[in-house]
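Here's the structure we're looking at; comments come further down.
The values are calculated or read from the model by the stated rules, or taken from the named source; none is laboratory data. What you see is a predicted model; the values in this text were computed from it and never measured. Because the Cβ atoms are built from the backbone with ideal geometry, glycine has one as well, and the counts that use them run over all protein chains shown. Each accessible area value is taken on the protein alone, full model and side chains, heavy atoms only, with ligands, DNA and RNA left out. Shrake-Rupley method; radii C 1.70, N 1.55, O 1.52, S 1.80 Å.
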Amino acid sequence: MKKKLIAGNWKMNGSLAANEALVKGLLAGLDRSACQVALCVPSVYLAQMQALMAGSAIDLGAQDLSQHAAGAFTGEISGAMLNEFGVRYCIVGHSERRQYHFESDALVAAKAQRALAFGITPIVCVGETLAEREAGKTEEVVKRQLAAVIHANGHCISEIVVAYEPVWAIGTGKTASTEQAQQVHAVLRAQLKAASPQADRIHILYGGSMNAANAAELLAQPDIDGGLVGGASLKAPDFLSIIASAL
Ligand code: PGA
């Protein structure tokens, strides 16, 4: 059975001093036999994090990358650049980027493709808004978002990580119930299975107010292979407790 993956998403949080304290706290408390662990940090901190986590069991992740390889794209960061800092994972299509930066399904798919081309595992986020859930469109929305990525990436699809993050649960303290989450994860698993015979190896993470109190129950679901954790990844004891419940 594959080990679960717990990835922290720091979003636009951190400082040189706070990062150092947080990572030292995590490394001091991390059991090496624990599940796979990654931290997706703001890009300006990649060099600091690479140095702090060198030789540790924690993998480094970024939060976005350009769909382009290089060139006149002011403000953008390429997969090649992320590679230079030992980045293993990169979140693509987080709902905050879809919402505030108007990222389309096609753009998210292109970013996932670019990450894979550089040997970086994209953590592809999908999820419905509250209005979409209330309109009974949850499955339709997440399947449409994932289909774009499957279409663009073909047989490489077994190399991605998927994160189901209901938009209404992100940063709100409202978590999807274990049943709601498992139901969507099963839909995503079936869609991946139809696209690849190796779909069982794909991690499908749950994200949206996962915390020390609710992680164990969510992670016990058959199709929940880990978590993408925002707020609770900023406090070492909370993040360690989520990691401990993912054994
Ligand atoms: P949250 O964020 O855990 O703070 O809800 C999760 C995410 O947006 O990845």
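Worth a mention:
- Filter pass, A57 being at pLDDT below 95 and more than 18 Å from Y206 (Cβ to Cβ): yes
Residue by residue, here is whether (1) open to solvent by less than 20 Å² (accessible area, probe 1.4 Å); (2) more than 15 Å from A38 (Cβ to Cβ); (3) touching a residue at least 60 places away in the same chain (Cβ under 8 Å); (4) not hydrophobic (A, V, I, L, M, F, W, C) holds:
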| site | (1), (2), (3), (4) |
| --- | --- |
| A212 | no, yes, no, no |
| E217 | no, yes, no, yes |
| G231 | no, yes, yes, yes |
| I243 | yes, no, yes, no |
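- Condition met for G154 (of a type outside the set (A, V, I, L, M, F, W, C), touching a residue at least 12 places away in the same chain (Cβ under 8 Å) and open to solvent by 30 Å² or more (accessible area, probe 1.4 Å)): no
- Some residue of the range 164-179 being at positive phi, at pLDDT below 95 and within 16 Å of the chain's Cα centre (by Cα): yes
Listed here are the residues, each with its yes/no results for (1) touching a residue at least 60 places away in the same chain (Cβ under 8 Å); (2) within 16 Å of the ligand (Cβ to nearest atom); (3) farther than 14 Å from E165 by Cβ; (4) in contact with a His (Cβ under 8 Å, 6 or more places away or on another chain).
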residue	(1), (2), (3), (4)
A69	no, no, yes, no
G93	no, yes, no, no
E96	yes, yes, no, no
F102	no, no, yes, no
G119	no, no, yes, no
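- Test: I91 is out of contact with any helix residue (DSSP H, G or I) (no Cβ under 8 Å at 6 or more places or on another chain) and of a type in the set (A, V, I, L, M, F, W, C): yes
- Among the residues making up the range 159-180, those that are open to solvent by less than 30 Å² (accessible area, probe 1.4 Å) and out of contact with any Pro (no Cβ under 8 Å at 6 or more places or on another chain) are V162, A163, Y164, E165, P166, A169, I170, T178.
- Summed over the range 117-137, the residues that are outside any loop (DSSP other than H, G, I, E, B) and more than 30 Å from D59 (Cβ to Cβ) give a count of 5.
- Residue that is touching a Leu at 6+ places or on another chain (Cβ under 7 Å), at positive phi and buried (at least 20 other Cβ atoms within 10 Å of the Cβ), where the choices are G208, G226: G226
- Every residue from the range 1-22 that is closer than 23 Å to L219 by Cβ and of a type in the set (A, V, I, L, M, F, W, C): M1, L5, I6, A7, W10, L22
- For the range 82-91, residues that are away from the ligand (no atom under 16 Å from the Cβ) and either in contact (Cβ under 8 Å) with a residue 12 or more places away in the chain or hydroxyl-bearing (S, T, Y) (or both) total 6.
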